[in-house]
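K.L.:
Sharing a structure, written as structure tokens. Questions coming.
The values are calculated or read from the model by the stated rules, or taken from the named source; none is laboratory data. Note that the structure is a prediction, hence the values are computed from the model and not measured. With ideal geometry, Cβ positions are generated from the backbone for all residues, glycine too; neighbour counts draw on all protein chains shown. With ligands, DNA and RNA removed, areas are computed over all heavy atoms of the protein, side chains included. Shrake-Rupley method; radii C 1.70, N 1.55, O 1.52, S 1.80 Å.
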Amino acid sequence: MNKIDKTVLYNRSLIFSGFIFLIYVFLIYGFVRLQVTNKEIYLQKSINNSIRKIQLYPGRGLIRDQDGDILVDNRPSFSIAVIPKVASNKSVKFLCKLINLDEKEVKDKIRKLYGFRPVIIARDINYKQVIAIEENRLKHPGVISIVEPKRYYPEGIMSPHIFGATGEVSKAEQIMNTVYEQGDIIGKTGLEKKYDLDLRGSKGIHYLRVDASGRELGTYDINRDVSPIHGSDLHLYLDYETQQFAESLMVGQRGALVAIDVRNGGIISLVSKPDFDPRILTGRIYPAIWNKLQTDESHPLYSRAIQSVYPPGSTYKIVAAAAALQEKIITPRWKEYCPGYFRLGRKTIKCWKVKGHGLIDLNEAIKGSCNVYFLKIGLKIGIDIWTKYSRMFGFGARTGIDLPNESKGLVPSTEYFNKRYPKGWTRGNLANLAIGQGELLVTPLQLAQFAMILANKGVYHTPHLVDHIYNYSTHSTTKFPVDTKYITGISDDVYYVVREGMRAVVNGGTGWLGKVPGIEMAGKTGSAQNPHGDTHAWFMAFAPYDFPEVAIAVVVENAGAGGGVAAPIARKFLEKYFYNRLIPRAVAKKDTTDQINADSLTIPFDFNEIQPIQLFNAGENEDQ
Amino acid sequence: MRKSLITKLDFPLLLLIAILLAVGLTAVYSATNVPGLQNNEYFPKQLTFTIIGLIIMLAIAFLPFKVLQRSAYTLYGFSIFLLILVFFIGVKGFGAERWLSFGPIKIQPSEFAKLAAILAAAKYLSKQGVDINNFRHIISVSAIIIIPFILVVRQPDLGTSLVFLAIFIPLMFWAGLSWFTLFVIIAPMFTCILSFNFYAFLFWMLIVSIVLILSHRKVYFLITIFLIHILVGLLTPQMWDQLRPYQQKRIMTFADPEADPKGTGYQIIQSRVAIGSGGIWGKGFLQGTQTQLKFLPAQHTDFIFSVIGEEWGLVGVLFILSIFLALLLYLIYLARIVRSSFSSISIIGITTILLFHVFINIGMTVGLAPVTGIPLPFISYGGSFLISILIMMGFIINFSINRYEY
């Protein structure tokens, strides 16, 4: 150095070195922070980077009938999924063009996700689309196809209201139950919903090593993999042949049929018509069809057997009779004259029989379904007793059947009337209730349960569709826990009287068309007035009389008289149940209840005339 | 004569260079390794470049010292010519015109321009009668450095152009810049940064005024400096808008890499994951999952140190950092002992380039410095850069051999 002093240079080299030293402290701090302090976090991140979790979907549990026949099965379907971290904008565009999706919607779905976990974008795509995706696998590594099971119904299986449908989990459902992950298929309605946690099984996990482009390099560690567990199978109490037959009886009608095994509460048949083909709610749902189902004025999505509420009409006279008897307000001998009408204040209520029933006792009043007789009973017992007994018989409360969205119905009480009619309500309201009209509303299932109570003289069981559940992982069977209840406070004498009355109904009474030849039984008809048109036809029954097996309730909307429309349906069902065939009848006879002739009531039939009949037309689709 | 020349070779320096080159080749091998694939095209290429570079380095080392001294301006002129040529026949790479291709050989003129600028500045500063604290000479030296800087910025290669700015002050400082002049030169940079915030800018202007008043220089001179600051403060936000969007993005992502985890921030995040997951002892050679599964972008070039961090751990990182430290301190020592002030200033210039590259590149991999596309000397893959670094080393060895000459 010719110009600069050596000591100055020495000082400046020290400053330089000091500067380098500072930079080094800075750098080493950076490395220690990453490699020592936060090592575990980054190690985990690097593992997450290169290991992809593949979810293995378990087969959803099957639904079988009493005999083990498969009613609801699974079939593979293809879904398109996007790996958020790998998929480029171009890939998303390609995907949206291929399956005609809104690009923004798809991007919103994957925006907040950066992982390698595939997010399902569309389900149940067709084979052409699957092939297109697989062909472009290298070009669009972020778009993959996944095989998932979807529901399959064997030929001839309908009953959408029993099985229900499955669908993708919603945000709200995810919050309600944290087991659900985004994109899961869960039960939305029916048994699929009620037993979803049993049916869904548990997902398996397969670990794959992948590189940055998302290419799979092989398995990671086979010991870490978790196998999926097949969902448990539901074995129903019903025999599907009987159910099919019951459905065939209701074809073309609007209404419901509920048949319960009174010995344990098992559902023998549960029909709601009109219905729809459950296949249209599997896999991809087409908006046009879905809208048609939703806006159809006959409400096919609605399960009438458990969700619809109707005024029960005359079938409810049994409740009034039982209440009056138990409270000792009347005796079975109590007689009343029916002139064909009843005057209450300024109003005149007509009995259905214009000529009147004449002087009748309780048995005859039930048999002939006399309105005047029961209006008078209603006025005698008053609303509080009436409400109390209605509740005792299970009305106004859910039966607890293993299906979701069951209706409670409505049993009006004093408070209800006070609220509803602040200006005061009349005795007319009360009288109406006694004959099953007015504000009272029941579901067909509740009425079937009521028939079960009468059959068992107070003992009843929670109605249930599922008999047992088979678990694939433990290979064990769990029986449905039948809940048996007993109504206290009603004596056997009361049951005896009303049951005798109901026996008379089918033996020459209003429900004679419901009588199954050779089987002693009891029933009650009802024709419920309603604002929508013709009366709803009701019939409830149980059989056999002494050792009951079946309780049944049938309702057909706006079809007319219960004895003429509902009773024959119940009869056919019971014939199928007891004889496994229909018994042809002699010519339909005119109702001759006013000239009761015990001999004429035995309907003659010749066993040689019984012909095999076609029970059910499997291909028929009543929706069209 | 020949024998004595070899004994004169700077063996400590050669050893450090050899270690770094070996480390570089190993890291490049690992970074470009494809599992299951035998032919790795990067490693043989880099090996060839290394050998060519070493031959050039030794050739330069044995050139007569006077030749180097005299050719400084010629080299500078030639490199400026190449930089201009790049605009006309340059090859696009990564969205910027940076390469000149002569048949199979592709070179990056900006790499050689760095060295040429240093040599030219050193030559100018070491001239008899040049007072570095004289305003006229400061302007001349500035011009020598600013011209290639502007040409590189226009390419537009932000990372490389920053190197020119980085060498400017150490060169002047080493050449004997007074503390006041240093302040006058450095202060506008702070003005640049602070001009984005009005209050910070106001406060900084206050400090500048106080320093200026306390310096007791001529009033018109002080006012001129003050006005320059105001001008810089006003123009900087405008300049920011002139930057290419990707350059802006790089600077912004540096502040918050998580904001754009799929785009620019992806590199930093993946690099941090690679280094952090390496821990103290590393995952082992060819065992880094981030590296081997190609999660690291540019892992054989700009982000090669992440590979080292992942596979060799903190131990490997500290080892390489200490080799670099030894090299840097040794170069400063050399700069102090050589007799020729041309050599001395040149060595400091080259040292600064090395330090800048090491700091920015390694700092970038741990998220402490912006991602600017600056490679790591001796280690990153890339022939042009490696050879240019080895040429610099050739000059230094030459200066070391001729340390007693004026």
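K.L.:
What FRET efficiency, computed as 1/(1 + (r/R0)^6) with R0 = 30 Å and r the Cβ-Cβ distance, is obtained for B:GLN238 and B:HIS216, rounded to the nearest 0.05?
P.N.:
The computed FRET efficiency comes out at 0.30.
K.L.:
May I pose another question? Normalising by the residue count of chain B, find the relative contact order in percent from Cα pairs under 8 Å and 6+ residues apart.
P.N.:
26
K.L.:
Using only atoms on other chains, find how many Cβ atoms lie within 10 Å of each Cβ of peptide B:266-276 and report the average.
P.N.:
The mean count of partner-chain Cβ atoms within 10 Å per residue comes to 5.
K.L.:
Another one. Which order, highest average first, do B:118-124, B:314-320 follow once you tally other Cβ atoms within 10 Å for each residue and take the mean per peptide?
P.N.:
B:118-124, B:314-320
K.L.:
Considering every residue in A:343-351, what mean count of other chain Cβ atoms within 10 Å of its Cβ is obtained?
P.N.:
Average neighbour count from other chains, rounded to a whole number: 0.
K.L.:
Show me you know the interface measure: the accessible area buried between A and B, both chains summed, probe 1.4 Å, in Å² to the nearest 100.
P.N.:
Separately minus together, A and B give about 4400 Å² buried.
K.L.:
Using the heavy atoms of the protein chains and a 1.4 angstrom probe, tell me the accessible area per residue for chain B in square angstrom.
P.N.:
Per-residue value: 43 Å².
K.L.:
Would you please classify the overall shape of segment A:352-437 from the alpha carbon gyration tensor, given that a ≥ b ≥ c denote the square roots of the eigenvalues, rounded means a/c under 1.5, and beyond that prolate means a/b larger than b/c while oblate covers the rest?
P.N.:
In terms of gyration-tensor shape, oblate.
K.L.:
Then there's this: Roughly speaking, to the nearest percent, how much of the protein assembly as shown's 1.4 Å accessible area is carbon and sulfur?
P.N.:
The value for the protein assembly as shown is 60 percent carbon and sulfur by accessible area.
K.L.:
To the nearest 0.05, what FRET efficiency results for A:LYS203 and B:ASN40 with a Förster distance of 30 Å applied to their C-beta separation?
P.N.:
So the FRET efficiency works out to roughly 0.15.
K.L.:
Can I ask one more? Taking only protein heavy atoms into account and a 1.4 Å probe, give the accessible area per residue of segment A:52-236 in Å².
P.N.:
Averaged over the residues of segment A:52-236, the accessible area is 50 Å².
K.L.:
Now a separate question. Once a ≥ b ≥ c are taken as the square roots of the eigenvalues of the Cα gyration tensor of segment B:79-183, is the result rounded (a/c under 1.5), prolate (a/b larger than b/c) or oblate (a/b not larger than b/c)?
P.N.:
prolate
K.L.:
Let me ask something additional. Quick check: the angle from helix A:240-249's long axis to the longest principal axis of chain A, C-alpha only, nearest 10 degrees?
P.N.:
Rounded to the nearest ten degrees, it is 60.
K.L.:
Across peptide A:359-365, how many C-beta atoms of other chains are within 10 Å of each residue C-beta, on average?
P.N.:
Mean shielding by partner chains, rounded to a whole number: 0.
K.L.:
Give A:LYS335/A:LYS376; A:LYS353/A:LYS576; A:LYS109/A:LYS292 a once-over and call out the pairs whose C-alpha atoms are over 22 Å from each other.
P.N.:
Those over the limit are A:LYS353/A:LYS576; A:LYS109/A:LYS292.
K.L.:
What helices in chain B pass both tests, a Cα length along the helix axis of 27 Å or more and a mean Kyte hydropathy of -0.5 or higher, using whole DSSP H runs?
P.N.:
Sorted by number, the helices that extend far enough and score high enough are B:11-31, B:42-61, B:65-89, B:219-242, B:304-337, B:341-365.
K.L.:
Tell me the angle of helix A:444-455 to the major Cα principal axis of chain A, expressed in degrees between 0 and 90 and rounded to the nearest ten.
P.N.:
50
K.L.:
If you place +1 on the Cβ of every Lys and Arg and -1 on the Cβ of every Asp and Glu, how big does the dipole about the Cα centre of segment A:240-609 come out, in debye to the nearest 20?
P.N.:
1220
K.L.:
Something else about it: Find, among the GluC sites (Glu not before Pro) in segment A:174-256, those assigned to loop by DSSP (not H, G, I, E, B) with at most 14 other beta-carbon atoms within 10 angstrom.
P.N.:
Within segment A:174-256, the qualifying GluC sites (Glu not before Pro) (loop, at most 14 other Cβ atoms within 10 Å) are A:GLU181.
K.L.:
If you don't mind, there's one more thing I want to ask. Tell me, what is the per residue accessible area of segment A:488-560 in Å², probe radius 1.4 Å?
P.N.:
The answer is 31 Å² per residue.
K.L.:
I would also like to ask the following. Among A:LYS457/A:LYS524; A:LYS85/B:LYS294; A:LYS188/A:LYS408, which pairs are too far apart, with a Cα-Cα distance over 18 Å?
P.N.:
From the list (A:LYS457/A:LYS524; A:LYS85/B:LYS294; A:LYS188/A:LYS408), the Cα-Cα distance tops 18 Å for A:LYS188/A:LYS408.
K.L.:
A further question follows. For every helix of n ≥ 4 consecutive DSSP H residues, a contribution of -39,500 (n - 2.57) applies; sum these over the protein assembly as shown, divide by its total residues, and give [θ] at 222 nm rounded to the nearest 500 deg cm²/dmol.
P.N.:
It lands at -15500 deg cm²/dmol.
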